[in-house]
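Next up is a structure, given as structure tokens.
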Amino acid sequence: MINPFRIGNAIYLRPIERADASVLQHWINDPAVTRTLLAHRPLNLASEEQWIDDLYKTDHEVVLGIVISATDRLIGATGLHQIDYKNRHAQFGIVIGDTHEWNKGYGTEATALMVAYAFETLNLNRVWLHVYETNAYGIKAYEKVGFCKEGVLRQETFRDGRYVDTIAMGMVRSEWAAKRA
């Protein structure tokens, strides 16, 4: 393991490094990957490096790489964004950028590790996310970890030539604790 921050069964989470920029750039420029993300325009290497540099200048973002333990290969990234320390909440995000590693449970495991970090270490009370209605695998993974549907933003996003609903999901500390018990 290289610089592990959170360790799971099959994966571990580690800080994103500037050396990861070309891999991240490839994922963000892959339409198969970005159809479930807010990203909608191509990124060059310099902009990806700048984004990584900026991550470590704020306390309101925590972004980690998702790495397969057996191979030490970076396959995705996950993070807590817009961390609000007064109201104790943050937005959750995740991408498994290596399409060969989809549907193997890595996203679910990474989500569980980040939610535990949010509640156990950062002392947050709520973690929330937005997911497109077309992302059935993502919705299933979020529900498995304990996220609940809180609402629908109707026809909020234009994807694949049509408007799709965005589902708002969230989890509060007491729900997470009950699920762990």
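The values are calculated or read from the model by the stated rules, or taken from the named source; none is laboratory data. Please read these numbers as outputs of a predicted model, since none were measured by experiment. Counting neighbours? That spans all protein chains shown, and the Cβs are built from the backbone with ideal geometry, glycine included. For the accessible areas, the whole protein counts, side chains as well, though only heavy atoms, and no ligand, DNA or RNA atoms are used. Shrake-Rupley method; radii C 1.70, N 1.55, O 1.52, S 1.80 Å.
Name every residue in the stretch 137-153 that is of a type outside the set (F, W, Y), open to solvent by 70 Å² or more (accessible area, probe 1.4 Å) and under 17 Å from T108 (Cα atoms), in order of residue number.
Matches in the stretch 137-153: K140, E143, K144, K149.
Another one. I'd like the full set of residues that are over 15 Å from the mean Cα position of the chain (by Cα) and surrounded by 14 or more Cβ atoms within 10 Å (Cβ to Cβ), limited to the stretch 154-181.
If the condition is that a residue be over 15 Å from the mean Cα position of the chain (by Cα) and surrounded by 14 or more Cβ atoms within 10 Å (Cβ to Cβ), then E156, T157, R159, V164, D165, T166, I167, V172, R173, E175, W176 are the ones that fit.
Given the criterion open to solvent by 40 Å² or more (accessible area, probe 1.4 Å) and in contact with a Lys or Arg (Cβ under 9 Å, 6 or more places away or on another chain), identify the matching residue among H130, H60, H89, H81.
Answer to the selection: H89.
Scan the stretch 142-153 and give yes if some residue there is β-branched (V, I, T) and modelled with pLDDT under 95, otherwise no.
No, every residue in the stretch 142-153 fails to be β-branched (V, I, T) and modelled with pLDDT under 95.
Among the candidates Y106, Y137, which residue alone is under 20 Å from I11 (Cβ atoms) and either modelled with pLDDT under 95 or in contact with a Ser or Thr (Cβ under 7 Å, 6 or more places away or on another chain) (or both)?
Result: Y137 is the single residue among Y106, Y137 that is under 20 Å from I11 (Cβ atoms) and either modelled with pLDDT under 95 or in contact with a Ser or Thr (Cβ under 7 Å, 6 or more places away or on another chain) (or both).
Return the residues of the stretch 33-85 that are of a type outside the set (V, I, T) and closer than 24 Å to E133 by Cβ; say none if nothing qualifies.
Across the stretch 33-85, the qualifying residues are R35, L37, L38, A39, H40, R41, G76, A77, G79, L80, H81, Q82.
Which residue pairs have Cβ atoms under 7 Å apart, sit 6 or more places apart or on different chains, and have a first residue in the stretch 12-36 that is within 9 Å of E48 (Cα to Cα) and surrounded by fewer than 19 Cβ atoms within 10 Å (Cβ to Cβ) and a second that is at pLDDT below 95 and among the aromatic types (F, W, Y)?
none
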